[in-house]
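The values are calculated or read from the model by the stated rules, or taken from the named source; none is laboratory data. Fair warning: this is a prediction, and the values are worked out from it, not measured in the lab. Methodologically, a virtual Cβ is constructed for each residue, glycine included, from the backbone with ideal geometry; neighbour enumeration extends over all protein chains shown. Side chains are part of the model used for accessible areas, which takes the heavy atoms of the whole protein and leaves out ligands, DNA and RNA. Shrake-Rupley method; radii C 1.70, N 1.55, O 1.52, S 1.80 Å.
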Amino acid sequence: MGHPDYLNASTPKDSGMGKDDLASYFDKSASLVQEYTSRFEHDYARPALHNSQAFYNERPITATFLAIFSALSIFPTLSFLGIALFTITTFTIIALGAAFVASSVVVLGLLGVLTAILAAAFFTSAFLTVMAVSSYLFIRLVVMVRQEGSSGVSGWVGEIKDYLVSTAEGARPRGSNNRVPEDSRSDTTNESAVVVQQPDRNLGEDTYSDYDTKVQG
């Protein structure tokens, strides 16, 4: 089976159009390059050659010297520029790396000193706190024993217990101490007291005596 006629008819046209476009693009590129080349030649190359020719005609020895000097010095000059640029870049990178390493060492050293100072301050604070509390308790014990005698020791111990208990209760969450035992609530609701005042007829004046009567609920 062959391809349809319209496909066979359109394929050569498409290929021809693609080739024409490619050829036109190449021609435009070549013409653009030729234009820039001719402009460089007319604007820079030819004037330089004319000036060189004129300078050589006027001063041939100096022109010869400059030409030989330029030919001999162009490679060392380019080498110097390349090596100088490489050296500057290398030493800049090394200097930055060395500065980073040195600063890191200094910062880590200062951090170690700060850590040691903070640790010493922490333990010193703990020691001074313990000494202050111990001194206060000892002075309090001496004062209570001097005022109350041997019973001051038990009072001193009781004060310490009360302080510890109050501290522990203060550390508990709120609402934990608001519960009322079921037994106490049942006892308070089952009984109530009623006071009845009756006149005392045995006395000559109107006086009242209080009688407490418990009414069981």
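Tabulated results
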quantity: Set V33, V107: member being part of a helix (DSSP H, G or I) and at pLDDT 95 or above; calculated: V107
quantity: Qualifying residue in region 44-57 (condition: at pLDDT 85 or above, of a type in the set (A, V, I, L, M, F, W, C) and open to solvent by 60 Å² or more (accessible area, probe 1.4 Å)); calculated: no
quantity: In region 1-30, residue modelled with the lowest pLDDT [restricted to those that are hydroxyl-bearing (S, T, Y) and within 60 Å of the chain's Cα centre (by Cα)]; calculated: Y25
quantity: Residues within region 58-109 that are among the charged types (D, E, K, R) and loosely packed, with under 10 Cβ neighbours inside 10 Å, tallied; calculated: 1
quantity: Residue identified as modelled with pLDDT of 95 or more and either surrounded by 10 or more Cβ atoms within 10 Å (Cβ to Cβ) or part of a helix (DSSP H, G or I) (or both) among L137, L128; calculated: L128
